[in-house]
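Values in this text are rule-based calculations from the coordinates and carry no lab data. Just so you know, these numbers come straight off a predicted model, no measurement behind them. Counting neighbours? That spans all protein chains shown, and the Cβs are built from the backbone with ideal geometry, glycine included.
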Amino acid sequence: MQALLFVLHALITLIVVAFLLRVLFPLVRADFRNPIGQAVLRVTDPLVLPLRKVLRPAGRVDVASIAALLIVQLAGTALLLGIAGARMASPLTIVVVALRELARTTLQFYFFAVLLHVVLSWVAPGARSPAATILDRLCEPLLAPLRRVVPPLGGLDFTPIFVLIGLQALQILLR
């Protein structure tokens, strides 16, 4: 049973990350025309496009994508709780657990995005692959404010370390 829950949780998390990227891309002005953006669109369009007929974007905020992200997270949480044997979890409990899990997933996503961003900057500095471009766009809103406060030491940028520590601290608070 534990193995089944693990596999389902992993699959649900991957789907949630796809919808999370669908929400984040317009906010950070990432390009949907690259292969990663196209994959995100293919996975998320079946739910987002019907919602977009009812929910219009508000500036750069795609309300339909946010609604789809919440729907997927709520459905996934309800499924996992049901399979795990949670007895008749109240709707409020499902919502609270789903929002907490979404916050955790978002923090973990950003932790690994910043970590990968750092590794790519060491391995292939200045590379302009689709993944590197998207990582730059996604990580810059977290890194830029700290770069104004933390100067480079010996030509090294230590702001990602502080961001990673902060993300881990927030994850600990959510436990």
Under 5 Å, built H, 5+ apart or other chain: amide partners of F32: none
Semi-axis lengths (Å, descending) of the ellipsoid that matches the C-alpha gyration tensor of the stretch 2-174: 31, 21, 15
In the stretch 50-82, the trypsin sites (Lys or Arg not before Pro) that fall in loop regions by DSSP, at most 16 other Cβ within 10 Å: K53, R60
Label-point gap, in nm, between L79 and V150 - each point 7 angstrom along Cα→Cβ: 3.8
Sparsely packed trypsin sites (Lys or Arg not before Pro) within the stretch 121-169, loop by DSSP, other Cβ within 10 Å at most 11: R128, R148
Helix-only mean residue ellipticity at 222 nm for the chain, each DSSP H run of n ≥ 4 adding -39500 (n - 2.57), per residue, nearest 500: -27000 deg cm²/dmol
Top of L47, L92, L153 by mean-square fluctuation, Gaussian network on the chain, Cα under 10 Å: L153
Of the DSSP H helices in the chain, those whose Cα atoms cover at least 30 Å axially and whose Kyte score averages -1.0 or more: 2-28, 63-84, 91-123
Most mobile of R42, R33, R87 in a GNM of the chain (Cα contacts under 10 Å): R87
Q168-V28 pseudo-label distance in nm [points 7 Å out on the Cα-to-Cβ vector]: 2.1
Cα→Cβ-extended label distance, 7 Å offset, between L4 and D157, nm: 4.7
Gain on full stretching of the segment that runs from L120 to L11 - 0.36 nm per residue minus C-alpha separation: 36.6 nm
Relative contact order (%) - criterion: Cα under 8 Å, at least six apart; region: the chain: 24
Residue with peak Gaussian network fluctuation, the chain [Cα springs, cutoff 10 Å], from L41, L142, L156: L156
